[in-house]
1. Tell me which residues, restricted to the range 82-103, are assigned to a loop (DSSP other than H, G, I, E, B) and surrounded by 15 or more Cβ atoms within 10 Å (Cβ to Cβ).
2. Among (1) touching an Asp or Glu at 6+ places or on another chain (Cβ under 6 Å); (2) farther than 29 Å from Asn18 by Cβ, where does Gly125 come up short?
3. Select from the range 181-215 the residues that are without any contact (Cβ under 8 Å) to a residue 24 or more places away in the chain and among the small types (Gly, Ala, Ser) and list them in ascending order.
4. For the range 1-37, name all the residues that are over 18 Å from the mean Cα position of the chain (by Cα), closer than 26 Å to Asp244 by Cβ and part of a loop (DSSP other than H, G, I, E, B).
5. Among the residues of the range 102-132, write down those that are touching a residue at least 12 places away in the same chain (Cβ under 8 Å) and farther than 23 Å from Ala180 by Cα.
6. Out of Gly76, Gly59, which single residue is within 16 Å of the chain's Cα centre (by Cα) and either of a type outside the set (Lys, Arg) or loosely packed, with under 15 Cβ neighbours inside 10 Å (or both)?
7. Within the range 144-151, does at least one residue satisfy the condition of being under 30 Å from Asn21 (Cα atoms), aliphatic (A, V, I, L, M) and crowded, with 18+ Cβ neighbours inside 10 Å?
Amino acid sequence: MNSLHLDALCFAYPDRGNVVNNVSLHIAPGEFHCLIGRSGCGKTTLLKLAAGLHTPDQGSVLLNGRPISTPVAEMGFVFQTPTLLEWLSVLDNILLPLSLHRKVTDADQQQAAQLLAQMGLATLGHEKPQHLSGGQQSRVAIARALITRPSVLFMDEPFASLDAMTREELQKDFLHLCHAQGTSVLFVTHDIAEAVYLADQVSIMHKGQIHAQQSLKLIRPREPALRYTPQFNALCAALRNAMDTTT
């Protein structure tokens with residue numbers, strides 16, 4: 001079973017002191033886990049530690065039972081900007097993680113086209129990224145991250161720059177894809193409503209530690225109408241109240 005274990009992680013920058021302090025998390029197979037908290041609380045640093053992009057000063061990271069010290073093939077990444085290669089077509093951008101390591105097959109081409117269709121961009125495979133909107137570029141970045149069928153996906157505020165309607169549409173499509181592939185997700189966001197809509201579990205960080213956790217027992221698949229229900233609003237209020245108690 002695919003799972004991600006963070007055990008007593010500590011990390012300090014030379015000029016800032018401790019940024020992550022004794023953090024432990026377990027992300028179950030297929031679980032969507034959101035990290036929220038104010039700027040500077042250590043969310044992104046914890047994400048980078050979990051992904052093998054930083055080496056912890058103490059503690060360990062286990063992915064599928066194996067210690068992690070650098071990024072591995074079972075991981076996918078989507079960060080704040082899509083970082084697509086402008087000289088490649090949309091399809092070739094999606095296939096890039098495969099083409100860097102081996103020859104792309106017909107089956108790979110078919111999978112990339114399927115992901116593109118699932119992202120609502122079936123007719124845009126031969127376009128260049130600069131001809132796409134910001135939301136479309138974000139969809140391509142997600143498809144690129146999923147082309148390798150990672151067991152865990154690391155995401156650092158990937159929808160923050162999008163308008164509200166585009167962001168909500170992309171959240172829905174992204175959840176569907178992750179569920180279809182059984183992908184676990186560790187997702188950093190400042191947006192409480194985004195965390196409630198996406199996550200199975202939310203952790204609130206404060207001063208490098210997990211201040212509180214909330215399990216979200218909301219029906220799946222998550223539909224846009226969920227955002228206007230009393231249950232959704234109550235969970236948003238509870239998380240905001242938990243964040244307010246950190247000040």
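The values are calculated or read from the model by the stated rules, or taken from the named source; none is laboratory data. For clarity, every value in this text was computed on a predicted model and none was experimentally measured. Neighbour counts are summed over all protein chains in view; Cβ atoms, including those assigned to glycine, are modelled from backbone coordinates with ideal geometry.
1. Narrowing the range 82-103 to residues assigned to a loop (DSSP other than H, G, I, E, B): 82-89, 100-103.
Within the range 82-103, Pro82, Leu84, Leu88, Ser89 qualify.
2. (1)
3. Applying the first criterion (without any contact (Cβ under 8 Å) to a residue 24 or more places away in the chain) to the range 181-215 yields 213, 215.
Residue satisfying the conditions is Ser215 alone.
4. Of everything in the range 1-37, just one residue is over 18 Å from the mean Cα position of the chain (by Cα), closer than 26 Å to Asp244 by Cβ and part of a loop (DSSP other than H, G, I, E, B), namely Arg16.
5. So the first thing to find is which residues in the range 102-132 are touching a residue at least 12 places away in the same chain (Cβ under 8 Å), and the list is 108-109, 111-113, 115-116, 118-121, 124-130, 132.
Correct list: His126, Glu127, Lys128, Pro129, Gln130, Leu132.
6. Working: Gly59 fails: within 16 Å of the chain's Cα centre (by Cα).
After ruling out the rest, the residue left standing is Gly76.
7. Of all residues in the range 144-151, those under 30 Å from Asn21 (Cα atoms) come to 145, 150-151.
Filter once more, keeping what is aliphatic (A, V, I, L, M): 145.
So of that shortlist, the ones also crowded, with 18+ Cβ neighbours inside 10 Å come out as 145.
The answer is yes, given that some residue of the range 144-151 is under 30 Å from Asn21 (Cα atoms), aliphatic (A, V, I, L, M) and crowded, with 18+ Cβ neighbours inside 10 Å.
For every residue, the table says whether it meets (1) surrounded by fewer than 21 Cβ atoms within 10 Å (Cβ to Cβ); (2) over 24 Å from Ala195 (Cβ atoms); (3) in contact with a Pro (Cβ under 8 Å, 6 or more places away or on another chain).
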| position | (1), (2), (3) |
| --- | --- |
| Ser3 | yes, no, yes |
| Leu6 | no, no, no |
| Pro14 | yes, yes, no |
| Asn21 | yes, no, no |
| Gly30 | yes, no, no |
| Leu46 | no, no, no |
| Thr55 | yes, yes, no |
| Pro71 | yes, yes, no |
